[in-house]
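What follows is one structure encoded as structure tokens, with my remarks underneath.
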Amino acid sequence: MAASARLASIPTEIVDAFRAVAPAIEEFAREHGLLIERYRRGKSAWELRFARRAGGEAVLTISYRERTGHVLDVSATWWVDDPDQKTRRLRSEKVAAFDRREPPAALRRQLEAGLTLIDRWTTADLGPPHGPFKPSAAAPPSPPLPLR
């Protein structure tokens, strides 16, 4: 799906909410070598994705809180897949709630805290395996993730 078609399906108030903080998020992603995926799978969120040297993939998610509109939630997630068992172990935690009335520097500090949190996690912090999952033939191939 082209970026313009994807944006057309996202409500204007959500696009406007991210437009206001886009420079801070984009600068943070550049500095830390993270891949930005905007509105992935039609979600009202931006994801900062990367592969972990410890294994698996991780993401910082900045999501629009529908109920209030002036809040963006920041969460951290790390997962490791076992392709042989078709299972996944993961850890996910809410990092913060960014009030859009605050300066973008506050969001940047929250993203830093989320990245620090992920960097501290070890495989002992992952939950039990979930699955088995069937491989999805319909999913488009993901771009290669930067390693961190």
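Overview of values
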item	result
Search result, residues across the range 86-115 that are within 11 Å of A76 (Cα to Cα) and free of Cβ contacts under 8 Å to residues at least 60 places away in the same chain	L90, R91, S92, E93, K94, V95, A96, Q110, A113, G114
Checking W121 against (1) surrounded by 15 or more Cβ atoms within 10 Å (Cβ to Cβ); (2) without any contact (Cβ under 8 Å) to a residue 40 or more places away in the chain, the condition it does not meet	(2)
Qualifying position, being closer than 19 Å to W121 by Cα, touching a Phe, Trp or Tyr at 6+ places or on another chain (Cβ under 8 Å), of a type in the set (D, E, K, R) and open to solvent by 20 Å² or more (accessible area, probe 1.4 Å), among E93, E57, E37	E57
Subset of the range 10-64 [part of a strand (DSSP E or B), among the hydrophobic types (A, V, I, L, M, F, W, C) and closer than 18 Å to R100 by Cα]	A45, W46, L60, I62
The range 50-70: number of residues that are in contact with a helix residue (DSSP H, G or I) (Cβ under 9 Å, 6 or more places away or on another chain), under 19 Å from I25 (Cα atoms) and touching a residue at least 24 places away in the same chain (Cβ under 8 Å)	7
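Table: residues versus (1) touching a Pro at 6+ places or on another chain (Cβ under 8 Å); (2) of a type in the set (F, W, Y); (3) part of a strand (DSSP E or B); (4) closer than 15 Å to P128 by Cα.
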{"site": "D73", "(1), (2), (3), (4)": "no, no, yes, no"}
{"site": "D81", "(1), (2), (3), (4)": "no, no, yes, yes"}
{"site": "E93", "(1), (2), (3), (4)": "no, no, yes, no"}
{"site": "A96", "(1), (2), (3), (4)": "no, no, yes, no"}
{"site": "E102", "(1), (2), (3), (4)": "no, no, no, no"}
{"site": "A105", "(1), (2), (3), (4)": "no, no, no, no"}
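Residues checked against (1) among the hydroxyl-bearing types (S, T, Y); (2) at pLDDT below 95; (3) open to solvent by 90 Å² or more (accessible area, probe 1.4 Å); (4) under 16 Å from F18 (Cβ atoms):
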{"residue": "D84", "(1), (2), (3), (4)": "no, yes, yes, no"}
{"residue": "R89", "(1), (2), (3), (4)": "no, no, no, no"}
{"residue": "A106", "(1), (2), (3), (4)": "no, no, no, yes"}
{"residue": "E112", "(1), (2), (3), (4)": "no, no, no, no"}
{"residue": "G131", "(1), (2), (3), (4)": "no, yes, no, no"}
{"residue": "K134", "(1), (2), (3), (4)": "no, yes, yes, no"}
{"residue": "A138", "(1), (2), (3), (4)": "no, yes, yes, no"}
{"residue": "R148", "(1), (2), (3), (4)": "no, yes, no, no"}
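The values are calculated or read from the model by the stated rules, or taken from the named source; none is laboratory data. Fair warning: this is a prediction, and the values are worked out from it, not measured in the lab. Please note: Cβ atoms are built from the backbone with ideal geometry, for glycine as well, and neighbour counts cover all protein chains shown. These area figures cover heavy atoms from the full protein model, side chains too; ligands, DNA and RNA do not enter into them. Shrake-Rupley method; radii C 1.70, N 1.55, O 1.52, S 1.80 Å.
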